[in-house]
1. Within the bounds of the range 162-178, is there any residue that is among the hydrophobic types (A, V, I, L, M, F, W, C), under 20 Å from the mean Cα position of the chain (by Cα) and closer than 25 Å to GLY218 by Cβ?
2. Could you list, in sequence order, the residues of the range 69-95 that are within 22 Å of SER59 (Cα to Cα), of a type in the set (A, V, I, L, M) and surrounded by 14 or more Cβ atoms within 10 Å (Cβ to Cβ)?
3. Do you know which residues across the range 137-172 are among the small types (Gly, Ala, Ser), over 16 Å from ILE206 (Cβ atoms) and assigned to a helix (DSSP H, G or I)?
4. Confirm whether SER69 is under 23 Å from the mean Cα position of the chain (by Cα), under 24 Å from ALA152 (Cα atoms), at pLDDT 85 or above and among the small types (Gly, Ala, Ser).
5. Pairs please, first residue from the range 94-114 and closer than 15 Å to TYR163 by Cβ, second anywhere and surrounded by 13 or more Cβ atoms within 10 Å (Cβ to Cβ) and aliphatic (A, V, I, L, M), Cβ atoms under 8 Å, 6+ apart in sequence or on different chains.
6. Among the numbered conditions (1) farther than 30 Å from PRO29 by Cβ; (2) assigned to a helix (DSSP H, G or I), tell me where GLY197 comes up short.
7. So which residues in the range 39-75 are farther than 18 Å from ILE7 by Cβ and either in contact with a Pro (Cβ under 6 Å, 6 or more places away or on another chain) or not in a helix (DSSP H, G or I) (or both), if there are any at all?
8. Looking at LEU77, LEU10, LEU96, LEU110, which one is at pLDDT 90 or above and either small (Gly, Ala, Ser) or within 27 Å of LEU126 (Cβ to Cβ) (or both)?
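The values are calculated or read from the model by the stated rules, or taken from the named source; none is laboratory data. Everything numeric in this text was worked out from a predicted model, so none of it was measured. Note that we place each Cβ from the backbone using ideal geometry, even for glycine, and neighbour counts take in every protein chain shown.
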Amino acid sequence: MSYDWVITTLGIAAHTAEIQGIVSAPSGPDQAVTHFVISMLPAGLTGLFAAGLAAAAMSTMDSYLLISSTNLIYDILNPLRGGKMSDVSLLRWTRLTLVVSTAANIGICLLFGNVERLWIFITAILICTALVPVLAAFFWPNVKRRAGQAAALTGFGLVMGYYLLTGLAGVWDEAEYAYIWSGRILAWDVTLNQDYGILIILPAVIVIFITAQLLPGGERA
C-alpha cells in the first residue's frame, strides 16, 4: 500500500510540476514519474530510486512467473497425466514452463502501447475468468466443477475474442483513448469500446455458470 501511495503521489507531483513549468513534459504519461524524479533528485538518490523500482518489478515478476508455472503444471499437466508425476519431473517441467511463461508475457507486453492498456486487458482477463467461480465457491453451496470450468473458459474466450475484434477490426479513438469497433450485428448497429468489454462479458459468464450449475448431474468441486 505504501508503495502505491508513493507512486501515486509522485505522479500527481509530476503532473503539477509539468503544468507549472518546473520540469519539461515527458514523452508520454508512462514516463512521467521517472522523468520527474530524474529531473529533481541528484545522481545518487536517482540511482537509489531506480534500484528500488527495479527491485519491486523483479520481485513481482519472479512471484507471478512462478505462480503461472505451478498453475500450468499442477492444474493442467499433472491432472492430464493422472496426478502421477514424480518430483524430478515436476521440477523439470517447472523450469520449462517458467521459460514459456516469460516468453508469453513478453509477447503480450509488446502488443500494447503503454502500461495502462495492458493493465486493463489483464484486469478483464482476471475478472471474467476468476471472479464468478471464486465468489460462487463462497456463497453457492455445492458448486459443480463443470460450472466453474465453463465460466472460466467462457470468460477467457470472450475476452480474447473481444480484444481481437476491437483491436484488429477497430480504430483508435484519441478522444476515448481506446480502440472502437463499429459494425452491424443482426439488425442492430453496434459500437464497441475495448475498455468496456467486461460490462458485456461478465453477465454472459454469470449466465453460463448458472446454467451449468443448474443442469442435472456433474461432479461437485
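1. At the first step, the residues of the range 162-178 found to be among the hydrophobic types (A, V, I, L, M, F, W, C) are 164-165, 168-169, 171-172, 175, 178.
Retained after the next criterion (residues that are under 20 Å from the mean Cα position of the chain (by Cα)): 164-165, 168, 178.
Within this subset, residues satisfying the condition of being closer than 25 Å to GLY218 by Cβ are none.
Scanning the range 162-178 turns up no residue that is among the hydrophobic types (A, V, I, L, M, F, W, C), under 20 Å from the mean Cα position of the chain (by Cα) and closer than 25 Å to GLY218 by Cβ.
2. Listed by number, the residues that qualify are LEU72, ILE73.
3. Taking the range 137-172 as the starting set, the residues that turn out to be among the small types (Gly, Ala, Ser) are 137, 147-148, 150-152, 155, 157, 161, 167, 169-170.
The next check asks that each one be over 16 Å from ILE206 (Cβ atoms); those that pass are 161, 167, 169-170.
Within the range 137-172, GLY161, GLY167, ALA169 qualify.
4. Numbers: under 23 Å from the mean Cα position of the chain (by Cα): yes; under 24 Å from ALA152 (Cα atoms): yes; at pLDDT 85 or above: yes; among the small types (Gly, Ala, Ser): yes.
When the stated conditions are applied, SER69 passes them.
5. ILE108/LEU118; CYS109/LEU118; PHE112/LEU118
6. (1)
7. PRO42
8. Values: LEU77 fails: at pLDDT 90 or above; LEU10 fails: at pLDDT 90 or above; LEU110 fails: at pLDDT 90 or above.
Testing whether each residue is at pLDDT 90 or above and either small (Gly, Ala, Ser) or within 27 Å of LEU126 (Cβ to Cβ) (or both) leaves just LEU96.
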